[in-house]
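Remarks on the structure that follows.
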Amino acid sequence: YLLIGKLYASSGPICGPGTGWDSQIVTWPAIDKWEYAKSVDSSISAEASQLINQYKKYMPTKEDVFLRSLKPGEDFKVPCWIRENTKIRTSD
């Protein structure tokens, strides 16, 4: 799950231009995978937590979410090759 999260997180340039909404939303399913990895294997908890903290700052802002008529906590399906259901989160 650590590796899957890393693959998702590195997909910003594949799923978008490298910055902005389409590139930022890949952090949501990545963080989901890292959180799950922590829950099933405590030996990788430190690495997973480090990745979560590192990538939280790359999530969209509340304003970015609001401008798309979305709300933090809502369900969202990330497009591109990821195609995972997740929850909307913001960096602030």
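The values are calculated or read from the model by the stated rules, or taken from the named source; none is laboratory data. Just so it is clear, the structure is predicted and the values come from calculations on it, not from any experiment. FYI the Cβ positions are ideal-geometry reconstructions off the backbone, even for glycines, and counts take in every protein chain you see. Side chains are part of the model used for accessible areas, which takes the heavy atoms of the whole protein and leaves out ligands, DNA and RNA. Shrake-Rupley method; radii C 1.70, N 1.55, O 1.52, S 1.80 Å.
Note down the net charge around ILE31, summing +1 for each Lys or Arg and -1 for each Asp or Glu among other residues with Cβ under 14 Å from its Cβ.
Details: positive: LYS6, LYS33, LYS38, LYS56, LYS57, LYS87, ARG89; negative: ASP32, GLU35, GLU47, GLU84.
Here the count lands on +3.
Using +1 on the beta carbon of Lys and Arg, -1 on that of Asp and Glu, and nothing else charged, what's the dipole of the chain about the Cα centre, debye to 20?
40 debye
Among SER42, SER11, SER23, which one moves the most in a GNM of the chain with springs linking Cα atoms closer than 10 Å?
Result for the chain, Cα springs under 10 Å: SER42 fluctuates most.
Whose amide H sits under 5 Å from the amide H of LEU70, counting only residues 5 or more places off or on another chain, with H placed in the peptide plane?
none
Which ³J(HN,Hα) values in Hz, rounded to whole numbers, follow from the phi angles of the range 12-21 under the Karplus curve 6.51 cos²θ - 1.76 cosθ + 1.60, where θ = phi - 60° and Gly and Pro get x?
My calculation for the range 12-21 gives x, x, 7, 8, x, x, x, 9, x, 3 Hz in order.
Just to be sure I understand: with springs between alpha-carbon atoms less than 10 Å apart, which residue in SER69, SER49, SER39 has the highest mean-square fluctuation in the Gaussian network model of the chain?
SER69
Can you work out the Karplus-derived ³J(HN,Hα) for every residue in the range 62-70? Use 6.51 cos²θ - 1.76 cosθ + 1.60 with θ = phi - 60°, whole Hz, and x for glycine or proline.
Ordered by residue, 3J(HN,Hα) equals 4, 4, 4, 5, 4, 5, 9, 6, 10 Hz.
What is the spread of the Cα atoms of the range 15-54 along each of their three principal axes, largest first, in whole Å?
If we take the Cα atoms of the range 15-54, the spans are 35, 15, 10 Å.
What does a probe at THR61 reach in the range 16-39, counting residues whose amide N is under 20 Å from the point 7 Å along Cα→Cβ?
Answer for this model: 17-28.
State in Å² the accessible area per residue of the chain; use a 1.4 Å probe, count heavy atoms of protein chains only, and round to the nearest integer. Before the final figure, lay out each step's value.
Working: 5430 Å² over 92 residues.
Here the per-residue accessible area is 59 Å².
What do the square roots of 5 times the Cα gyration tensor eigenvalues come to for the chain, in whole Å, largest first, as semi-axes of the equivalent ellipsoid? Working shown, then result.
Numbers: eigenvalues 92, 38, 27 Å².
Equivalent-ellipsoid dimensions as semi-axes: 21, 14, 12 Å.
For the range 53-92, what is the per residue volume of the convex hull drawn over the alpha-carbon atoms, in cubic angstrom?
79 Å³
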